[in-house]
């Protein structure tokens, strides 16, 4: 193997330290025995026990998981339909604009998404009385909206790399469009749907900005609880909580990437022989 | 009747001794009738007012270059494209408005389009399951079909674990399992290497004769069309230029396009100087002589025509032949030794280049002629084809 230059080594190391030093520090300090966040007092798991005895945090965590689960599931359904429509509708007037609109939430500043959704909910409540007040329901709607964009993009990419004659072959063999979707299209885009779900789950789980806009009293998600706690000063408990969240998010992202890789390899193998 | 007898009769039917093929019989009922079929994509006319009759048990080849409209025509038969105008009638039933999943037609796709998430056996079973055939019968018919294409042992594999030739046979099995009245094949051998193609061509003909299915094959490969087809329809710019048996398409092309598209050909531009009842004389500056064609065709003196002569119909010699009807003089410019035959490029005095192929019937034929030799090229009158369009 070629020896890499010292400069390349240096920049790679510096980059990794820059990215991960804060996270490593946080993880290490979550095992700190001392009550003072900045003073090292030896290893301990006591902040984790304390964390699990903190009802407010456990409740918020449970709420976040529920919201993430429901919005990821809704986003997958809507996003798949949007992606399917975009890739199979054929060329139509305004297709570019429509696909631009679907993907806009990906690049829209979260503050704007959050604010506009808040305004919408308030206006809707005034006009048809629904949603009455803000809470879990509005957070779910908000998260579904932006997660759906991610799913649509992933599903569309998968569909456009898929041989369209597969669907024609199914029709030719007697499958009606409805059964064709469930027998052929859906199994083939399943990996994309799974990675879309995992991605949506983690995105929803760690969203703070949008949730702060559209949640109501007594409906604080986990990131909101952490944020409000940190404002009163960082406690080692928060470090422990953050470590657990990093773990969950990392597992989700790695699983999503693994799914995408696997499907890419499968397609490659199919093209090669 | 066993299948081997079937093959024999079909081979001998080329010489038309025992039975007259349906397309030569007066008033024979076509199995597939295409009436004034047109397909436009916006301003572009892909298929232009085609009418065509295809008979039962035919293996009909649509031959054409890319963009000739052959695939669009096939896709209209399958129901994936809706005709702009015209009708398709299969076995007496008008197909207008009938969805692809309800047509008595199956298709073998160029990419094979095997479902990657299903095993070979499930791929083949797909069509039967949609019909609601019972589980035991599905199993039995799939096994039978896989045995026919010699893949009985691979039923549990996934498509990506198969070679190209095996996938091609799975695709064929899958398209035949519903016993369609009409099977459409889109470039069926396109993705196979040359040796495999040749084997598969004959296999395909055997299967077609065994099952008695009518095949419509789309291909751009003239060799494939020649080996497979009972008849060939040559397509160009959305129109069928000529429909004939392979032998006739090759020996009696009806236009310059067909002559050039099928095999290679030497074309000489000229005009009719003398039109006798039993012979036409055509003066060609390109050929540097007057070309004779006996058993005349209808044309008027002065009419501009093209004379087509196939490279293998021309003989090459040092001495002026005495028994030939048409003789040209030239100089050998290039020789390509191809093993079974040699190809000569001969420059005539007019500057026109003529292609001549000679079989290497003994080992030293190729050595006899060499570059820059002055030679005579000759052919018989009945090898001359006079083209007016």
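The values are calculated or read from the model by the stated rules, or taken from the named source; none is laboratory data. The structure presented is a predicted model; accordingly, all values stated were derived computationally and were not measured. For neighbour counting, all protein chains shown are included, and Cβ atoms are generated from backbone atoms with ideal geometry for every residue, glycine included.
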Which members of the range B:295-342 meet the condition of being loosely packed, with under 15 Cβ neighbours inside 10 Å, in a strand (DSSP E or B) and in contact with a helix residue (DSSP H, G or I) (Cβ under 8 Å, 6 or more places away or on another chain)? B:337
When the range B:80-100 is checked residue by residue, the ones that are surrounded by 14 or more Cβ atoms within 10 Å (Cβ to Cβ), more than 14 Å from chain A (Cβ to nearest Cβ) and part of a loop (DSSP other than H, G, I, E, B) are B:83, B:84, B:91
Test residue A:160 against the criterion of being more than 14 Å from chain B (Cβ to nearest Cβ) and under 30 Å from residue B:173 (Cβ atoms), and give yes or no. yes
For residue B:190, indicate whether it is at pLDDT below 90, over 18 Å from the mean Cα position of the chain (by Cα) and closer than 23 Å to residue B:111 by Cβ. no
Would you confirm, using the coordinates I've provided, whether residue A:7 is more than 25 Å from the chain's Cα centre (by Cα) and farther than 14 Å from residue A:239 by Cβ? yes
Long-range neighbours under 6 Å by Cβ, at least six apart or interchain, first residue closer than 24 Å to residue A:162 by Cα within the range A:66-87, second modelled with pLDDT of 95 or more and surrounded by fewer than 18 Cβ atoms within 10 Å (Cβ to Cβ): none
Selected residue (only one of B:215, B:126 is part of a helix (DSSP H, G or I), touching a helix residue (DSSP H, G or I) at 6+ places or on another chain (Cβ under 9 Å) and in contact (Cβ under 8 Å) with a residue 24 or more places away in the chain): B:126
Take the conditions surrounded by fewer than 16 Cβ atoms within 10 Å (Cβ to Cβ) and under 23 Å from the mean Cα position of the chain (by Cα) and apply them to residue B:252. Does it pass? yes
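For every residue, the table says whether it meets (1) surrounded by 15 or more Cβ atoms within 10 Å (Cβ to Cβ); (2) at pLDDT 90 or above.
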position	(1), (2)
A:127	no, yes
A:141	yes, yes
A:144	yes, yes
A:149	yes, yes
A:153	yes, yes
A:169	yes, yes
A:178	no, no
A:184	yes, yes
Out of the range B:161-174, which residues are at the interface with chain A (Cβ under 8 Å from one of its Cβ atoms), at pLDDT 90 or above and assigned to a helix (DSSP H, G or I)? B:174
Condition first: within 7 Å of chain B (Cβ to nearest Cβ) and either closer than 19 Å to residue B:170 by Cβ or in contact (Cβ under 8 Å) with a residue 24 or more places away in the chain (or both). Now tell me which residues in the range A:171-190 satisfy that. A:171, A:172, A:173, A:174, A:175, A:184, A:187, A:188
Go through (1) within 12 Å of another protein chain (Cβ to nearest Cβ); (2) outside any strand (DSSP E or B) one by one and return the number of the condition residue B:183 breaks. (2)
Can you confirm whether the range B:231-247 contains a residue that is in the same structural domain as residue B:90 (by TED's automatic domain parsing) and either in a helix (DSSP H, G or I) or more than 27 Å from residue B:86 (Cβ to Cβ) (or both)? yes
Is it the case that residue B:189 is assigned to a helix (DSSP H, G or I), away from chain A (no Cβ under 11 Å), under 22 Å from residue B:228 (Cβ atoms) and in contact (Cβ under 8 Å) with a residue 24 or more places away in the chain? no
Could we say that residue B:109 is closer than 21 Å to residue A:163 by Cβ and either touching a strand residue (DSSP E or B) at 6+ places or on another chain (Cβ under 6 Å) or surrounded by 24 or more Cβ atoms within 10 Å (Cβ to Cβ) (or both) here? yes
